[in-house]
1. Checking TYR11 against (1) in contact (Cβ under 8 Å) with a residue 40 or more places away in the chain; (2) in contact with a helix residue (DSSP H, G or I) (Cβ under 7 Å, 6 or more places away or on another chain); (3) in a helix (DSSP H, G or I); (4) farther than 24 Å from SER187 by Cα, which single condition isn't satisfied?
2. What single numbered condition from (1) in contact with a Leu (Cβ under 9 Å, 6 or more places away or on another chain); (2) open to solvent by less than 10 Å² (accessible area, probe 1.4 Å); (3) hydrophobic (A, V, I, L, M, F, W, C) fails to hold for TRP34?
3. Select from region 99-112 the residues that are open to solvent by less than 40 Å² (accessible area, probe 1.4 Å) and in contact (Cβ under 8 Å) with a residue 60 or more places away in the chain and write down the one among them that is nearest to MET28 (Cα to Cα).
4. Pairs only if they're at least six apart or on different chains, beta carbon under 8 angstrom, first in region 161-177 and in contact (Cβ under 8 Å) with a residue 60 or more places away in the chain, second surrounded by 14 or more Cβ atoms within 10 Å (Cβ to Cβ) and among the polar types (S, T, N, Q); list them, first residue then second.
5. Please note which helices (runs of 4 or more DSSP H) are completely contained in region 22-139 and include at least 2 residues that are farther than 24 Å from CYS190 by Cα, aliphatic (A, V, I, L, M) and out of contact with any Phe, Trp or Tyr (no Cβ under 7 Å at 6 or more places or on another chain).
6. Kindly list the number of the only condition in (1) surrounded by 14 or more Cβ atoms within 10 Å (Cβ to Cβ); (2) touching a residue at least 24 places away in the same chain (Cβ under 8 Å); (3) not hydroxyl-bearing (Ser, Thr, Tyr) that fails for ASP76.
7. Being open to solvent by 20 Å² or more (accessible area, probe 1.4 Å), of a type in the set (Lys, Arg) and free of Cβ contacts under 8 Å to residues at least 60 places away in the same chain is the requirement here; does ARG41 meet it?
Amino acid sequence: MIPAPLRIPDYRAFWLSRLATTIAQMAMVIVIGWQVYDIARETMSIREAAFQLGLIGLVQFLPLFILTPVSGWTADRLDRRHVARAVLGLELLCALILFWATWSGSISLPILFSVAALLGIARAFAGPALGALAPNLVPREILPNAIALSSAAWQSGAIAGPAIGGILYDVTAHFPYALSAVLFAFSTACLFTIG
């Protein structure tokens, strides 16, 4: 039986967007780290490459840490749908840049670090905007179920994303970015169906 919140078209679109976005984000996080390490190992020692790997994690985390108060304020003051759509558009652009750079063989550490910083900024705004959208889409009496389903979508994506990203990266380095771009485009389309 379909849970009550998923019977509501706007919530269903939100839930699909949340799941697809989380898979794409988590796949990119793991693949960016892996790719940074692989590129660094071409010219650096294991220790230096490991340091680059640590730096890429920091570059992705710092914007999230610094912008959390601003992103929360933004989600409270602006239409969350517009914020989420803009952020997913930025993440889609990042996925396309990494796809093109990897596919064309022009990928480099500066590109990876720049895009990782942009993704950190996008994730800082995506979390509050998407997290606060669910209560606006369902009646109060089924809100606990809607929140639980939203959390389940995030948890499922956080588990599946790195696994899918890692498997695709092992096949060919640009595949996970292509999949992430498709998922971000799908997520954005889902959000545009919400009235």
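The values are calculated or read from the model by the stated rules, or taken from the named source; none is laboratory data. Quick caveat: nothing in here was measured; it's all calculated off a predicted structure. Using ideal geometry, Cβ is built from the backbone for each residue, glycine included, and neighbour counts are taken over all protein chains shown. To get the accessible areas, we keep the full protein, side chains included, count just its heavy atoms, and leave off ligands, DNA and RNA. Shrake-Rupley method; radii C 1.70, N 1.55, O 1.52, S 1.80 Å.
1. All conditions pass for TYR11, except number (4).
2. Unmet for TRP34, out of (1) in contact with a Leu (Cβ under 9 Å, 6 or more places away or on another chain); (2) open to solvent by less than 10 Å² (accessible area, probe 1.4 Å); (3) hydrophobic (A, V, I, L, M, F, W, C): (2).
3. Per the stated criteria, the residue is LEU112.
4. Taking only residues 6 or more apart or on different chains, the pairs are GLY161/THR22; GLY161/GLN25; GLY165/SER180; TYR169/GLN35; ALA173/GLN35; ALA173/THR102; HIS174/THR102; TYR177/THR102.
5. 46-77, 109-131
6. (1)
7. For ARG41, the condition - open to solvent by 20 Å² or more (accessible area, probe 1.4 Å), of a type in the set (Lys, Arg) and free of Cβ contacts under 8 Å to residues at least 60 places away in the same chain - is met.
Residues checked against (1) open to solvent by 10 Å² or more (accessible area, probe 1.4 Å); (2) closer than 28 Å to HIS82 by Cβ; (3) touching a helix residue (DSSP H, G or I) at 6+ places or on another chain (Cβ under 8 Å):
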position	(1), (2), (3)
SER114	yes, yes, no
GLY120	no, yes, yes
PHE125	yes, yes, yes
PRO135	yes, yes, yes
PRO139	yes, yes, no
GLN155	yes, yes, no
GLY161	no, yes, yes
PHE175	yes, no, yes
